Amino acid sequence: MLEIDGSYGEGGGQLVRTAVALSAVTGNGIRITNIRKNRPNPGLKQQHLKALETAASICRAQTSGLFPGSTEILFVPVEIGGGKYDIDIGTAGSITLLLQCIMPALPFAKKKVELTIKGGTDVAWSPTIDYLQNVTFRALKQLGYSGSLTLKEHGYYPKGGGKVSAYFKPCRLRGFNFLKEEEEIKGISHASNLPTHVPLRQAEAASTRLMEAGYTSQIETQSFEAFSTGSGITLWTGYIGGSALGERGLPAEKVGKYAADEIIPELRSGASVDTHLADQLIPYMALAGNSSYTVRELSLHTTTNIWVTEQFLNVKFRIEKKEGFLEVSVS
């Protein structure tokens, strides 16, 4: 039984998600204590519970402590199965974060896994669904990962109601050294139940800001009706992305500018991946072996993910300073 201190490093839900995924892969039972100990509302929230329940179903794990506000859980996996699962987070809880909890385990499943998930596709403090599809999945494909997403409906805070279908096949991961890719920036600017000029203004503001910084872009706009009201924009090129979400009272122009201002420093650094993808890749790189990337800076999420991953697998990440960025590698 592996004991994990949930307050280590970033001390949030990501630590729990990575630990559970790697528990499923290795077959090692875990006890996680002090979950989200230093957050204003410590313990598990609804979206964490749904992620853990989904992981437990897929690998037939024995669990305890899965209730709202719980600061300690026990997770003992049996084997990673397969099949079809319908999951309703019940709130605007992040669909992408739920997927983060199970995706590292799915290459080792006995058969394919099909998921239909309802919740939030574009919510604060999590990757947007367009980022996951166009940045994360693109990078994982290079590591031999076999998975795909289909967006059925966007879901925004607070009502949620978004819907995503996901499909994963067992696969053999392989090492990959990520290099910077020079491509025109692409993007999607979207809005639900709002005037059609909202996504257009977001896109135009982002495109203008990018042009000022010396980058060209092609940004698609989408306007539609859905269960929840909201807007957002995601930009990407290669293994680098940026996004911003609309808020009541926040001009569409600022939303577009915020997304551009998130991706521009990543592009200027010359690094191969952005600071958000850097933390997401850690468990996959460890499982694949012989992989590396360069990144502008190491976030607390990344260093925490490295620590958690090294608790489960016989690997050691190396971090070296390069000119203008850091290189992270594992063999």
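Summing Cβ point charges (Lys, Arg +1; Asp, Glu -1) relative to the Cα centre of segment 5-113 gives a dipole of roughly 140 debye. Taking label points 7 Å from Cα along the Cα-to-Cβ direction, residue 124 and residue 174 give a separation of 4.3 nm.
Note on segment 119-203: antiparallel DSSP beta bridges, both residues inside, total approximately 90 percent of the bridges counted.
Each DSSP beta bridge with both residues in the chain is either parallel or antiparallel, and the antiparallel ones are about 65%.
With respect to the chain, whose longest principal axis is taken over its alpha-carbon atoms, helix 46-59 is tilted by about 50°. Each Lys or Arg adds one and each Asp or Glu takes one away; over the other residues whose Cβ falls under 13 Å from the Cβ of residue 39, this sums to +2.
Placing R0 at 51 angstrom, the Cβ-Cβ distance between residue 88 and residue 211 gives a FRET efficiency of 0.75 after rounding to 0.05.
Across the chain, Cα pairs under 8 Å and at least six residues apart give a relative contact order of 14 percent.
The charge dipole of segment 229-294, taken about its Cα centre with unit charges on the Cβ atoms of Lys, Arg (+1), Asp and Glu (-1) only, comes to about 80 debye. When the trypsin sites (Lys or Arg not before Pro) in segment 239-310 are filtered for DSSP coil states and for at most 16 other beta-carbon atoms within 10 Å of their beta-carbon, the remaining sites are 248.
With the biggest extent put first, the Cα atoms of segment 236-278 measure 35, 16, 13 Å across the principal axes. When the Cα positions of 38, 123, 25 are compared along the charge dipole of the chain, 25 comes out farthest toward the positive end, with charges on each C-beta of Lys, Arg, Asp and Glu. Taken over the chain, the ratio of Cα radius of gyration to 2.2 N^0.38 Å equals 0.96.
Of all trypsin sites (Lys or Arg not before Pro) in segment 1-93, which ones are in loop regions per DSSP and have a Cβ with at most 13 other Cβ atoms within 10 Å?
Working: sites: 17, 31, 36, 37, 45, 50, 60, 84; in loops: 36, 37, 45, 60.
Passing sites in segment 1-93 are 60.
Under the convention that each Lys and Arg Cβ holds +1 and each Asp and Glu Cβ holds -1, the size of the dipole of the chain around its Cα centre is about 840 debye.
Largest mean-square fluctuation among 216, 121, 234, in a Gaussian network model of the chain whose springs join Cα atoms under 10 Å apart, belongs to 216. Of the candidates 18, 136, 196, which one comes out as most mobile in a Gaussian network treatment of the chain with C-alpha springs shorter than 10 Å? Checking each option, the largest mean-square fluctuation is seen for 196.
Rounded to the nearest 500 deg cm²/dmol, what is the calculated helix-only ellipticity per residue at 222 nm for the chain, with -39500 (n - 2.57) per DSSP H run of length n ≥ 4? Spell out each step's value before the answer.
Working: 8 runs with 103 residues, N = 331.
After summing the helix terms and dividing by residue count, I get -10000 deg cm²/dmol.
Just for segment 51-129, what percent of DSSP beta bridges are antiparallel, to the closest 5? Expressed as a percentage, antiparallel bridges in segment 51-129 total about 30. With a threshold of 22 Å on the Cα-Cα distance, the entries 84/118; 84/110; 186/254 are all at or under it. Comparing mean-square fluctuations of 236, 307, 125 from a GNM of the chain with C-alpha springs under 10 Å, the top value falls on 125. Per residue, the chain exposes an accessible area of 43 Å² to a 1.4 Å probe, with every protein chain left in place. Of the solvent-accessible surface of the chain, computed with a 1.4 Å probe and all protein chains present, 47% belongs to carbon and sulfur.
Here segment 88-193 is treated as an ellipsoid with the same Cα gyration tensor; its semi-axes, largest first and in whole Å, are 24, 19, 10. Think of segment 181-331 as having a plus end and a minus end, set by charges on the Cβ of Lys, Arg, Asp and Glu; of 286, 239, 303, 303 sits farthest toward the positive end of this dipole.
With respect to the chain, whose longest principal axis is taken over its alpha-carbon atoms, helix 275-288 is tilted by about 40°.
The values are calculated or read from the model by the stated rules, or taken from the named source; none is laboratory data. Please read all numbers here as calculations on a predicted model, not as lab measurements. Neighbour counts are summed over all protein chains in view; Cβ atoms, including those assigned to glycine, are modelled from backbone coordinates with ideal geometry. Note: areas computed on protein heavy atoms with side chains; ligands, DNA, RNA excluded. Shrake-Rupley method; radii C 1.70, N 1.55, O 1.52, S 1.80 Å.
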